[in-house]
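Remarks on the structure that follows.
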Amino acid sequence: MPSTSAPDNRPPAGVLYVVATPIGHREDITLRALAVLKAVHLVAAEDTRKTGELLRHFGIHTRLLSYHEHNEAERAPQLLSRLRAGEDIALVTNAGTPAVSDPGYRLVSTAAEAGVRVVPIPGASAAIAALSASGLPTDAFVFEGFLPKREGPRRRRLEALAAERRTVILYESPHRLAVRLAELLAALGDRRAVLARELTKVHEEFLRGRLSDLAAELERRGEIKGECTLLIAPAAEGPPPGAWAEAREEIRRGLAAGRGPREVIREVSARHGLPRNALYRAALRLKEEAESNPGRKPRNRSEAEPEGGLWTSERTSKR
């Protein structure tokens, strides 16, 4: 039976294209991205000046409109109205894939919820480029982007990452990198790590070693510049047999000699690759034992490991 309702004369909605752009080398842009950027009605760009330079380099003169973290609450509904009116829009950021630690999530989410077609135009991503050349495990990884700026949430996030069995990928500012490496070393232990700097650019560089090696290299250089991606090896299934008992005994001797707990824990963590937070808890228990039972030593292996701690739980579960 034919419908008696009034015909819908609205134009078909446009398409939102999420377009990845080069993270450094301009020739990394895809042919499909160029075709889309040329064909759409509008390019929503994080920085119209930078995107304008990219478009002019390839002879593209599509109109630009700014869309960044400071105006996206206002811009997203405006762009959605244009999409509903039938315009095709390309969303780009300064470099890499939009909405991945870059502006774009609000617009993509709004468009998808409104039933607008969202089409990815894949391309460069600093996280994937760094992972592919890092030499660290690639079968499973977790992308954390930028860690929280506030100390409390950041500390809790680092504690959660201490047991992570996947390669961890982080973005970080070169100005905060030295401080962040010190925090990672304290929370995760001295794991293998890779610092990828200035990917696809003239001064591209990979620094490989342990977290302590990277920290030492940054201290030697004094400063470091450029976009930085930091990758950290997964947590091991557990320390080598007897490692925790040895670490605990070293802490006990250090404290008995009158040394400061922070200094002792830092050295033991670096030597055995154990997280400092777990060692700190062990130091507190040792202090309590020394005060209540002078001279007492652990009678068995279970007493030599953190009660309900990282290693006992990790040995019995696998992802």
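Nothing in this text is a laboratory measurement; each read-out follows from the coordinates by a stated rule. Keep in mind that this is a model prediction, so the values were computed, not measured. As a convention, Cβ positions derive from the backbone with ideal geometry for all residues, glycine included, and neighbour counts pool all protein chains shown.
A few comments on the model shown:
- Of all residues in the range 73-92, none satisfies being free of Cβ contacts under 8 Å to residues at least 12 places away in the same chain, farther than 24 Å from GLU227 by Cβ and among the β-branched types (Val, Ile, Thr).
- The residues of the range 146-156 that are of a type in the set (D, E, K, R) and surrounded by 14 or more Cβ atoms within 10 Å (Cβ to Cβ), listed by number, are ARG154, ARG155.
- Residue list for the range 82-129, filter: acidic (Asp, Glu), within 20 Å of LYS38 (Cα to Cα) and out of contact with any helix residue (DSSP H, G or I) (no Cβ under 8 Å at 6 or more places or on another chain): GLU87
- Considering residues of the range 79-105 that are in a strand (DSSP E or B) and among the small types (Gly, Ala, Ser) only, the residue nearest to ASP28 (Cα to Cα): GLY96
The rows are residues; the columns are (1) in contact with a Cys (Cβ under 7 Å, 6 or more places away or on another chain); (2) buried (at least 20 other Cβ atoms within 10 Å of the Cβ); (3) in contact (Cβ under 8 Å) with a residue 40 or more places away in the chain; (4) under 18 Å from GLY135 (Cβ atoms).
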residue: GLU159; (1), (2), (3), (4): no, no, yes, no
residue: ALA163; (1), (2), (3), (4): no, no, yes, no
residue: ARG166; (1), (2), (3), (4): no, no, yes, yes
residue: ARG176; (1), (2), (3), (4): no, no, no, no
residue: VAL179; (1), (2), (3), (4): no, no, no, no
residue: ARG197; (1), (2), (3), (4): yes, yes, no, yes
residue: VAL202; (1), (2), (3), (4): no, no, no, no
residue: GLU205; (1), (2), (3), (4): no, no, no, yes
residue: GLY209; (1), (2), (3), (4): no, no, no, yes
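- Scan of the range 124-142 for residues that are crowded, with 18+ Cβ neighbours inside 10 Å and either more than 14 Å from the chain's Cα centre (by Cα) or within 19 Å of ALA45 (Cα to Cα) (or both), ordered by number: ALA124, SER125, ALA126, SER134, LEU136
- Criterion violated by GLU263 - all others in (1) acidic (Asp, Glu); (2) surrounded by fewer than 16 Cβ atoms within 10 Å (Cβ to Cβ); (3) closer than 18 Å to GLY135 by Cβ satisfied: (3)
- Every listed requirement among (1) part of a loop (DSSP other than H, G, I, E, B); (2) out of contact with any Pro (no Cβ under 7 Å at 6 or more places or on another chain) is met by ALA76 save one, (1).
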